[in-house]
Amino acid sequence: MKHPIQSLAFLALLALASTAMSVASGQVDPRTELDAIDARLQAAEAAQKKRYAEAESDEELQRLFRDAPWAAFVDEYAAFARAHAGSEIAVPAWASAIERAAWANRPALVPEALGVLESTHLASPSLAVAISALGTMSWTLGTNRYEVFLRRAAQESPHRGVQGFALYTLAESLGLQTTRFAPNAEPGAAGPSMTPIAADELATRKHQARSVLQRVLSDFADTPPPSARLPKDWVKRRAQGLLFELEHLQLGMVAPDFEAVDEHGEPWKLSDYEGRVVLLDFWGNW
């Protein structure tokens, strides 16, 4: 019988031999290849951010934005996804391509990506990452097409995390969208057509959104976020916030009272101004 140390040494030699054969044959592990694209993208984004910070005029900022390298990365991610069609590694590649499609002026790529995800990857455990990316480009798909996909993902995915995230994203679209987007059939059109959603339909959609959010909070409160950079309870907190908004912060409702301090550190309450016109300006800096 071989000594355990001899067995480990033998396995290590096999691993090295396998790696050498892969390198010699020109094969590269797909995960390693995708990680390399991600690393180059992160380096390019850091360099671009530095150039933005050093820009001395609006004109220079506009030029830097026009010359940004996003288009090349979008094309590279899409090419990688097509080369690995049908495999799990294609899902994050499509997500990365979609996420930067707007900056790169590649809106036509998004319907292609959605078609592939819908036909091939509804059972993917990482589909939530692609759903998150699609949310930034939903206007290129059309509101109806986007929401149909979210409903399919929620119903057909075997993974609770994907189901919960698809439902939350559907609730966002139903509850916050006041304009319906549709792909523009006009030749040479720059973007989708936009139609305001009628008041009665808006009310129906908001009611549906509340129902979906209640289901998310009751059945999918443990849904993980689409990115490891986000807090673990991100979906739960977002769902709670949106549900509060739909139930308490709509036109015609009485604003909930709250307390704050003014620029002099003096406390005040919204109810202190009851009967007077009040403009509240909430803002943030990211």
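The values are calculated or read from the model by the stated rules, or taken from the named source; none is laboratory data. These numbers were taken from a predicted model, which means no experiment stands behind them. Here Cβ is always computed from backbone atoms with ideal geometry, including for glycine, and neighbour counts include all displayed protein chains.
Values for this structure:
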read-out: Complete set of residues in region 24-75 that are of a type in the set (Asp, Glu) and over 13 Å from Arg100 (Cβ atoms); value: Asp29, Glu33, Asp35, Glu54, Glu56, Asp58, Glu59, Glu60, Asp67
read-out: Those helices (runs of 4 or more DSSP H) lying entirely in region 20-139 with at least 2 residues farther than 30 Å from Gly164 by Cβ and of a type outside the set (D, E, K, R); value: 30-54, 58-66, 70-83
read-out: Contacts under 8 angstrom Cβ, first residue in region 198-210 being touching a residue at least 60 places away in the same chain (Cβ under 8 Å), partner surrounded by fewer than 16 Cβ atoms within 10 Å (Cβ to Cβ) and outside any helix (DSSP H, G or I), 6 or more apart; value: none
read-out: Cross-chain or 6+ apart pairs with Cβ under 7 Å, region 212-227 first and within 20 Å of Val91 (Cβ to Cβ), then of a type in the set (Gly, Ala, Ser); value: Thr223/Gly161; Thr223/Gly164; Pro224/Gly161; Pro226/Ala128; Pro226/Ser132
read-out: From Ala199, Ala182, Ala239, residue being touching a strand residue (DSSP E or B) at 6+ places or on another chain (Cβ under 9 Å) and within 27 Å of Gly142 (Cα to Cα); value: Ala182
read-out: Any hit, region 193-208, residues being surrounded by 14 or more Cβ atoms within 10 Å (Cβ to Cβ) and aliphatic (A, V, I, L, M); value: yes
read-out: Any pair with Cβ under 7 angstrom, 6 or more apart, that starts in region 35-50 at a residue that is in contact (Cβ under 8 Å) with a residue 24 or more places away in the chain and ends at one that is surrounded by 10 or more Cβ atoms within 10 Å (Cβ to Cβ) and among the acidic types (Asp, Glu); value: Ile37/Glu76
read-out: Neighbours by Cβ (under 6 Å, 6+ apart or cross-chain): first from region 135-150, among the acidic types (Asp, Glu); second at pLDDT 95 or above; value: Glu147/Ser173
read-out: Residue identified as within 19 Å of the chain's Cα centre (by Cα) and surrounded by fewer than 19 Cβ atoms within 10 Å (Cβ to Cβ) among Ala44, Ala72, Ala108; value: Ala108
read-out: Residues (closer than 21 Å to Gly175 by Cα and more than 11 Å from the chain's Cα centre (by Cα)) located in region 123-139; value: Trp139
read-out: Residue among Ser173, Ser271, Ser227, Ser211 that is small (Gly, Ala, Ser), within 23 Å of Glu147 (Cβ to Cβ) and at pLDDT below 95; value: Ser227
read-out: Residue that is farther than 30 Å from Thr178 by Cα, free of Cβ contacts under 8 Å to residues at least 40 places away in the same chain and not basic (Lys, Arg), where the choices are Ala108, Ala123; value: Ala123
